[in-house]
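So the structure is just underneath, and the comments pick up after that.
The values are calculated or read from the model by the stated rules, or taken from the named source; none is laboratory data. Predicted model only: the values in this text are computed from it and were never measured. Heads up, the Cβs are rebuilt from the backbone with ideal geometry, glycines too, and the neighbour counts pull from every protein chain shown.
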C-alpha cells in the first residue's frame with residue numbers, strides 16, 4: 001500500500017486533481033471533511049474549539065459557523081493590505097484540530113492497506129507540511145496554480161466578488177507555506193494553471209509511477 005499526501009495552496013485545485021486520481025483507481029479522503037465531522041456538536045474537538053473561540057462562532061442550532069470560525073482564526077477579511085495576520089489564533093485552532101485529524105488520516109490509510117495491500121491511499125489536505133505530517137506519507141504531490149486563478153476560483157466557489165476573493169486568498173495564504181516551499185518538499189508537482197485536459201495528462205503520468213510503486217494495476 002502506498003500512502004500519498006496531496007496538498008497545495010487555497011483554490012489550487014486539489015479536489016479536482018484528487019477526483020482525477022480516484023477515476024484512475026486511487027482511494028481518497030479529504031482532511032477538510034474529517035475536520036468537519038470532528039466539529040459536530042458533542043465531539044471532543046467541537047467542545048475544545050468552542051471553549052477557545054467562544055459561542056459566537058456557533059449557528060443558532062449549535063453547529064459551527066465555519067465563516068465565523070475562519071474570521072476568528074484569521075482575522076477580518078477587510079483588514080488593510082500589510083496589516084499583520086493574527087497568527088497566534090490560527091496556530092491555536094491548528095493545535096486543537098490537527099492532531100486529531102492526523103490520527104484519523106493515519107487510521108484511514110491503515111484500513112485501506114488492510115482492505116487492499118496494493119492500494120494507493122491519498123489524503124487531500126491543505127496543511128500537510130504546515131502540520132508537520134509530511135513524514136506520514138510515502139510520496140507527496142503538490143498542486144499549484146497562479147495567484148489570479150486562485151482568486152477567480154475562490155470567488156466562484158464562495159459566490160463573492162473578485163476583489164473580496166483576492167483579499168481573502170491573501171489572508172489565508174499568509175498562514176500557509178508558499179508554493180516554492182511546498183515544491184521543495186514534493187515528489188511530484190502538478191501545475192493546474194492550464195486546461196483540465198493538461199492537468200489530467202499530468203495526473204496520468206504521476207499515477208503511472210504511483211501504481212508501479214504500489215503494485216496496483218495501471
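Determine whether residue 29 is under 30 Å from residue 113 (Cβ atoms) and touching a helix residue (DSSP H, G or I) at 6+ places or on another chain (Cβ under 8 Å). In short, yes. If you take the residues of region 114-162 that are more than 25 Å from residue 196 (Cα to Cα), in contact with a helix residue (DSSP H, G or I) (Cβ under 9 Å, 6 or more places away or on another chain) and without any contact (Cβ under 8 Å) to a residue 60 or more places away in the chain, which of them is surrounded by the fewest Cβ atoms within 10 Å (Cβ to Cβ)? Per the criteria, the residue is 132.
Of all residues in region 161-182, those that are assigned to a helix (DSSP H, G or I) and within 15 Å of the chain's Cα centre (by Cα) total 5.
A quick yes/no check of all residues on (1) closer than 30 Å to residue 2 by Cα; (2) buried (at least 16 other Cβ atoms within 10 Å of the Cβ); (3) modelled with pLDDT under 95; (4) within 17 Å of the chain's Cα centre (by Cα):
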{"site": "67", "(1), (2), (3), (4)": "no, no, yes, yes"}
{"site": "73", "(1), (2), (3), (4)": "no, yes, yes, yes"}
{"site": "86", "(1), (2), (3), (4)": "no, yes, yes, no"}
{"site": "90", "(1), (2), (3), (4)": "no, yes, yes, yes"}
{"site": "110", "(1), (2), (3), (4)": "yes, no, no, no"}
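Going by the structure shown, is residue 62 at pLDDT 95 or above and part of a helix (DSSP H, G or I)? In short, no.
The helices (runs of 4 or more DSSP H) falling completely within region 1-59 that include 2 or more residues that are at pLDDT 95 or above and closer than 21 Å to residue 134 by Cβ map to 14-24, 31-38.
Taking the criterion of being in a helix (DSSP H, G or I) and closer than 21 Å to residue 206 by Cβ, the only residue of region 139-152 that qualifies is 149.
The residues of region 92-107 that are buried (at least 16 other Cβ atoms within 10 Å of the Cβ) and within 14 Å of residue 28 (Cα to Cα), listed by number, are 104, 105. Of the residues making up region 188-206, none is free of Cβ contacts under 8 Å to residues at least 60 places away in the same chain, part of a helix (DSSP H, G or I) and touching a helix residue (DSSP H, G or I) at 6+ places or on another chain (Cβ under 7 Å).
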